[in-house]
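Beneath this line is the structure, given in structure tokens, with notes to follow.
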Amino acid sequence: MLLGCFCLNTGITTIYTGITTIYTAITTIYTAITTIYTGITTIYTGIINIYTGITTIYTDITTIYTAITTIYTYITTIYTDITTIYTAITTIYTDITTIYTDITTFY
């Protein structure tokens, strides 16, 4: 009888050890899957950050290009205005010279 109890106890202990080992293995696998998921999520976040950075740089370049184009337009307009003023002054000078010549010739 004593030997039977010993064998029964050893069998139960062995089964318990096996169940504990399986539980530990399942926990380890779960931890590994969670770690892999965290790694994939981190990589995805990094890719999103890179995309956001590239988009921001593109927006900045577009803004700078627009600013340069606007400044160029202003400079062109100012140049056109100065040319128009110069032409007007030249025309006025020519008119004054013509009037002076006419007055001088008349008298």
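A single member of ILE68, ILE85, ILE29 is within 22 Å of the chain's Cα centre (by Cα), surrounded by 10 or more Cβ atoms within 10 Å (Cβ to Cβ) and assigned to a helix (DSSP H, G or I), and it is ILE68.
Among the listed residues THR34, THR14, THR52, which satisfies the condition of being without any contact (Cβ under 8 Å) to a residue 24 or more places away in the chain, over 37 Å from the mean Cα position of the chain (by Cα) and surrounded by 10 or more Cβ atoms within 10 Å (Cβ to Cβ)?
Being without any contact (Cβ under 8 Å) to a residue 24 or more places away in the chain, over 37 Å from the mean Cα position of the chain (by Cα) and surrounded by 10 or more Cβ atoms within 10 Å (Cβ to Cβ) holds for just one of THR34, THR14, THR52, which is THR14.
No lab work stands behind these numbers, since they all come straight from the coordinates. In this text the structure is predicted, and so the values were computed from the model without any measurement. We place every Cβ from the backbone using ideal geometry, glycine too, and count neighbours over all the protein chains shown.
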